[in-house]
Amino acid sequence: MIAKTAERLRERVNARFPTRGLNGVAAELVHVVRTAETDAAEIARPRWGLRLAIGVLVAVIVATFVFGVVLAFRDAGSAIDDLSSFDWLGIAESAINDLVFGGIALFFLFSIERRRKRSVALEALHRLRSFAHVIDMHQLTKDPERMASGVAATAQSPVLELAPDELGRYLDYCSELLSVISKVAAMYAEATNDGQVLATVNEIETLTVGLSRKIWQKIALLHATTGPQRPLQMHLPGPAPA
C-alpha cells in the first residue's frame, strides 16, 4: 500500500509539475519504497544458512573446550599429590581465562546475524534521512512572503515562478513526500526490534514531522497573504509503530 501511495503521488506531481525537480524526487521515492520493501522482508527473514554455520562453529568450540578440560583433569589427577597451591592457582586462572574468552566468542557468533541485519537497516535509514533533507531543499526558497506587497526583491533574491495556487500544491506535495518517507522508515521498525534501528526510526519520524510543520507554516502564510483558498488538508507523518 505504501508503494501504491508513492506511485500515485508521483503521478500527481508529474501531472502538475512535469518539468520541475520535485518530479524527479517523487520518482526516486517510488524506487526507494520498492527497495525498502525488499530490505524489510530480508531483515525479517531468518537466515538459516548463517545460523547453521554458527551452530557448527559453536559445537566445535564447545567440543574443543570440553576435550581440553577432560585432558587437563586427567593429567592433574595423576599428579595431584605433587601439585602445590601455586599450581592450583595457575590451573584456576587458566580455566577462568578459557571460560571468559569462550563466552566472548559465543556472544560474537550469536550476534552476527543481528548485527548484519542492523547494518542493512541503518544504511537504508541513512538514505531516508538524506532524502528528507533533499525534499527540504526543494521547498527552501518557496517563500510565500515574496508574494506579499511591499517586499522589495534584490538582485540575489530567488525567482519565484509559481502562482499562489501552484505554490500551495507544491508545498503540499513536499509534505506528502515527507509523510511517505516516515511510513517507509516505519517498515524497518516492523521488521526488527533492534534498539539502535528503532531509535533511528524515531529520529527520522521527528525530522519529517518538524520539516512538514515548517512547510505547513508556509502554506498557512500563503493563505493569509493571497486570500482564502480551498480548505487545508494536512499530511503530517504519523507515529512509527513500536
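Bear in mind these aren't lab numbers, they're just calculated from the coordinates by the rules spelled out. Not measured: the values here are computed from a predicted model. Every residue, glycine among them, receives a Cβ derived from its backbone with ideal geometry; neighbour counts consider all protein chains shown.
Some points to look at:
- Put in order of Cβ neighbour count within 10 Å, fewest first, the listed residues Ser119, Ser212 become Ser119, Ser212.
- 3J(HN,Hα) couplings calculated from phi for segment 168-181 with the Karplus curve 6.51 cos²θ - 1.76 cosθ + 1.60 (θ = phi - 60°) are, in sequence order, x, 5, 4, 5, 4, 5, 4, 5, 5, 4, 5, 5, 5, 4 Hz; Gly and Pro show x.
- When Thr192, Thr141, Thr5, Thr200 are sorted by how many other C-beta atoms sit within 10 angstrom of their C-beta, beginning with the fewest, the order is Thr141, Thr5, Thr192, Thr200.
- Glu7 paired with Asn202, simple spin-label distance in nm, labels 7 Å along Cα-to-beta-carbon: 3.5 nm
- In sequence order, calculated HN-Hα J values of segment 6-13 (Karplus, 6.51, -1.76, 1.60; Hz; x Gly/Pro): 5, 5, 5, 5, 4, 5, 5, 5
- Karplus 3J(HN,Hα) series, Hz, for segment 28-37 with 6.51 cos²θ - 1.76 cosθ + 1.60 (x for Gly, Pro): 5, 5, 4, 5, 4, 5, 5, 5, 5, 4
- Exposure proxy ranking, count of Cβ atoms within 10 Å, fewest first, for Lys214, Lys183, Lys4: Lys4, Lys214, Lys183
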